[in-house]
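The values are calculated or read from the model by the stated rules, or taken from the named source; none is laboratory data. Since the structure is predicted, the reported quantities are computational estimates derived from the model, not experimental observations. In this analysis, Cβ positions are derived from the backbone assuming ideal geometry, glycine residues included, and neighbour counts consider all displayed protein chains. Protein only, heavy atoms only, side chains kept; ligands, DNA and RNA dropped before computing areas. Shrake-Rupley method; radii C 1.70, N 1.55, O 1.52, S 1.80 Å.
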Amino acid sequence: MNTRLFLDIQAIQTVPPCNMNRDDAGSPKTAQYGGATRTRVSSQCWKHSMREYFKEHGSDSNVGIRSKNIVKYVADKIIALKPELSEQEALDLSNKALNNAGVKTGNDKLHTLKALFFLGETQANALAQAAVGNVTDRKRLQEILKANPAVDIALFGRMLADDPSLNEDASSQVAHAISTHAVRAEFDYYTAIDDLSEEDNAGAGMLGTIEYNSSTLYRYANVAIHEFVHQLNDDRESAINALRLFIEAFANAMPAGKANTFANQTLPQMLAVTLRDDRPVNLVSAFEDPVKSGDGYVSKSIAKLSREYEKVQKFVHRPLASFYVTTDSSDGQLKLGTEEQNMQKLLDDFSAKVSELL
């Protein structure tokens, strides 16, 4: 395979008035960029939504669980192997195996961890087998926790402060999404009526305000494919299927904050997938000068992104391949791929090209 192979994903996505990712004061997150205030959706927020998409749609993939209740999670696997065990016996076996592996657990009844721990289902099943078999060797147990990582552990990484040898370096990077233009805060004043109030009571049962904004976002992520394949034990078919799922999740997953209030269920207006052999390239520089418009931001944002795509070729190798999907009908402005595609064709062509390059 190529020594180095990188996947870049770029998207332009408009979102309606919403408040899907909030700071500690309940306000939509923002960032200063190019001297203007932008909407911001944190990478952690969108990665969480992508992981939820993996769980729902990744039936053929080894998907992980991130929790403080890992002892209970493994204990359930132990009971599936030995139904005659009581819950407490299974918890004790699970706790012993994790402690012997270097994962420190709590002293409460469920042995709750002090920090979140990321564990793949394949790893959990193997650890349960080891616990039932009374395996206590630290090296062997740690090999179980490091072998066959879940695709989301390989993509997004794992950290364990108690024992850094169990860390997993992330093969993916996900940028904070920011608006391609300046935004300003707005406020929704709302009331709720008490259904059982007296007829002559014109007052509200409650009232409040919600801060929100609307925007057209630039979104970016990448994957070091060569590293990802290595993490999956050089299983190229599994890696390609997982990369397809990653692209699908990037396009379809949506943070759920205040979704019932704002119904911000949008899709990208443009998605571009690029394969490179030198380095990943984030094209947010296209929007350092914020888009200014009185008749919408999507077309102008796509046009600026396409121009930036051409400009950066002065610094990097030409892409090995590029594919894109767009709902924008403007002619002659998009140069991110050889032809316009639908999502299924993009995924099929991407898979075929990665298979060829690997």
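Given the conditions (1) assigned to a helix (DSSP H, G or I); (2) polar (S, T, N, Q); (3) closer than 19 Å to Pro17 by Cβ, and given that Ser306 satisfies all but one, which numbered condition is not satisfied?
(3)
Name the residue, out of Leu196, Leu160, Leu155, that is surrounded by 12 or more Cβ atoms within 10 Å (Cβ to Cβ), hydrophobic (A, V, I, L, M, F, W, C) and more than 29 Å from Leu305 (Cβ to Cβ). Even if it seems obvious, please write down each step before you answer.
Numbers: Leu196 fails: surrounded by 12 or more Cβ atoms within 10 Å (Cβ to Cβ); Leu155 fails: more than 29 Å from Leu305 (Cβ to Cβ).
Testing whether each residue is surrounded by 12 or more Cβ atoms within 10 Å (Cβ to Cβ), hydrophobic (A, V, I, L, M, F, W, C) and more than 29 Å from Leu305 (Cβ to Cβ) leaves just Leu160.
Let's see how each residue does on (1) touching a helix residue (DSSP H, G or I) at 6+ places or on another chain (Cβ under 6 Å); (2) at pLDDT 95 or above; (3) on the phi > 0 side of the Ramachandran plot; (4) open to solvent by 10 Å² or more (accessible area, probe 1.4 Å):
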residue	(1), (2), (3), (4)
Gln13	no, yes, no, no
Met50	yes, yes, no, no
Gly58	yes, no, no, no
Lys68	no, yes, no, yes
Asp92	no, yes, no, yes
Lys96	no, yes, no, yes
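Quick one: which of Ala272, Ala249 is surrounded by 18 or more Cβ atoms within 10 Å (Cβ to Cβ), under 30 Å from Ile144 (Cα atoms) and either modelled with pLDDT under 95 or of a type in the set (A, V, I, L, M, F, W, C) (or both)? Steps first, please.
On the way: Ala272 fails: under 30 Å from Ile144 (Cα atoms).
The match here is Ala249.
Mind checking which strands (runs of 3 or more DSSP E) fall wholly inside the stretch 116-207 and carry at least 1 residues that are among the hydrophobic types (A, V, I, L, M, F, W, C) and under 25 Å from the mean Cα position of the chain (by Cα)?
Numbers: elements: 117-120, 172-174, 177-179, 186-192.
Ranges flagged: 117-120, 172-174, 177-179.
This table checks each residue for (1) in contact with a Leu (Cβ under 7 Å, 6 or more places away or on another chain); (2) among the polar types (S, T, N, Q).
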| residue | (1), (2) |
| --- | --- |
| Ala249 | no, no |
| Ala253 | no, no |
| Ala263 | no, no |
| Thr266 | no, yes |
| Asp295 | no, no |
| Glu310 | no, no |
| Val325 | yes, no |
| Met343 | no, no |
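Can you tell me how many residues within the stretch 98-117 are closer than 15 Å to Gln142 by Cβ and surrounded by 17 or more Cβ atoms within 10 Å (Cβ to Cβ)? Write out each step before concluding.
Of all residues in the stretch 98-117, those closer than 15 Å to Gln142 by Cβ come to 98-104, 117.
Still in the list and also surrounded by 17 or more Cβ atoms within 10 Å (Cβ to Cβ): 98, 100-101, 103, 117.
Number of matching residues: 5.
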